[in-house]
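Working notes, structure below.
The numbers here are math on the coordinates, done by the rules we state, and not lab data. If you're wondering where the values come from, they're calculated on a predicted model, not measured in any experiment. Glycine also receives a Cβ, built like all others from the backbone with ideal geometry; neighbour counts cover every protein chain displayed.
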Amino acid sequence: MSNYKLLLISISLIVISGLVIFLDHRGLAITGSIDADQSMDRYFRPDEVMEINIQIAEADWQDLLANALSEEYYTASVTVNGDHFPLVQVRAKGNSSLKSVARTASTRYSFKINFDGINNEQTMAGIRQLNLNNNFSDPSSMREYLSYQIFGQMGVAVPLYGYAALYINGQYHGLYLAVESIDEPYLERNFGHFTGDLYKSTGHALTYEGDDPSAYSKLVVESSRKNPDFSSLLALIKALDSGESIERHLNVDAFLRYLAVSTALANFDSYQGRMAHNYYLYEQDGIFTILPWDLNMAFGGFDLGGDPTKIYIDEPTQGALATKPLIAALFSNEQYLSTYHLYLEEVVVNYLDQQYLQAETDRLFNLVKDHVKADPTAFYSYDQFVKNISETVIGAGMGGETETARSISRNVPGILELAAIMSDTITNQLEGKTRSSNNGSGMDGRFNMGGAGLNGLDGQAPAQIRPPREDLEAFMDELRAAGGLNEELRTKAIKMGIPRELLTRFLEQDYRLGPAILPPGEAGWENTQQAEISILPVLLTSAAFMVLALFMLMFFHRRYYSKCQ
């Protein structure tokens, strides 16, 4: 019997070891998920404003304010919703907002908190770094919150975010938006690991400038756990330059979702704008995904030249379309362009809808109104806060009524107002009623009104017409009735011009249908293959342990019977 006990113990150890290895392979995603749940439950509650108290020596606080542009860290402690975190690091942060505030007597800087900068085992329920954004150039204090919410609802990976009442040494300093940093915990939660290369753009449009890495210094490496593989980034940039094999280097569907939201929200303090910044690129197995960042100037808060109706959905760029190869290269592919149009329509129908936005702005207004009214460092008056939800606030850009950057102030459209304009603009362009492109000039080109008509302007083809919504809904009914995708429906989808990405989404979102199983050779297939390959180590490991278990079973079985004889 002792042999049987030894056998059972051995097999148990093998099974446990196999589980450990399997969970280790999957552990980043599991750990990230648990930490995210803890963070959401404890701090980022959608119906509450978190309370953050930074405790810092008065001399250090005054030095931080006096030397904010240096962005140096100071040692402090912080309490978040009653949880105390000693020995953290705090600094001012920002770009144009930091410089603008520094030119005034205001102390309303944005801040960055490092929880593990001194004690590398300390996190805020898994979060290593927290940004406190000061709602610069946003009288409504809602632009960034709503933008992250809509990006997330459209399937774009976003950081955790939530309103925070900030106190400095017990004194209320103002209402901020707390946003986790794009770093390891965020990558774990959204990608299952953090071993890929992470880049942040400080002003690069991904134009090919030769093979020398120094030419791409504005694509700043943010990875901290490994040396970056520049060849992967260069391969992406060359693919965009040539227009070939883009899907082998770019998560195309993720970018089209990102671009649809960014365009619909008139978010031009981004890749699409003159500065080509406020975005990250994360590489996973050689394929890059774009990540949104710094959204306080969405909903038309960044300079639109005064007329959001002159945003062209097929050239949604400030400056010539060719200066933004990430957009130009993809839009040269009719299938990608069609998918982008469908995502644009989804944003318009679901998130620029006045009923949706009215309900969300009402919810946020009731959540933060008392904090705004009591805010001692606010850039804007309470009346401006209320007004900018629905109407334009005159001279409120880049600061507001106060001394903060008054010299460069401009008008900021109301959130509901801008959404209504963009909804009409996008719908008219999708339906071919108005021009969707501008001869390659983007938003900055001249808008020629001559020869307008449903069939295009000046002989130019209108926006690519996608299947009408009622036809798509009828096709969905056919999919449900058939119980999935068959060859007849696949052929029909191709004839209707339904992109593969949208068809996959139809199948994945309807619980009555299984996952899309589509043949190779279509857009996005390489990405699907790569995802399937990623589980190979787990399968091989499991198989190896099963073989080992069988071998030991045979060994002990033979040994036992030889002793019995």
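Numbers at a glance
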quantity	calculated
Where labels lie 7 Å past Cα in the beta-carbon direction, separation of residue 323 and residue 222 in nm	2.4
Restraint check, 200/324; 112/373; 93/387; 99/369; 93/200; 112/200, Cα-Cα greater than 18 Å	112/373; 93/387; 99/369
Segment residue 202-residue 241, extension gain: residue separation times 0.36 nm, minus the distance between their alpha carbons	12.0 nm
Hypothetical label at residue 392: residues of the stretch 416-433 whose amide nitrogen lies under 15 Å (7 Å Cα-Cβ projection)	416-422
Inter-label distance, nm, simple model (7 Å from Cα along the C-beta direction), residue 114/residue 350	3.9
Cα gyration tensor shape of the stretch 192-347, rounded if a/c is under 1.5, else prolate or oblate by comparing a/b with b/c	prolate
14 Å tail of the calculated P(r), the stretch 243-293, as % of Cα pairs	54
Computed magnitude of the charge dipole of the stretch 32-186 (debye, nearest 20; Cβ of K, R +1, Cβ of D, E -1)	580
Three-way shape label, the stretch 32-186, alpha-carbon gyration tensor, a/c 1.5	oblate
Centre separation in Å (Cα based) which lies between the stretch 241-319 and the stretch 109-134	27
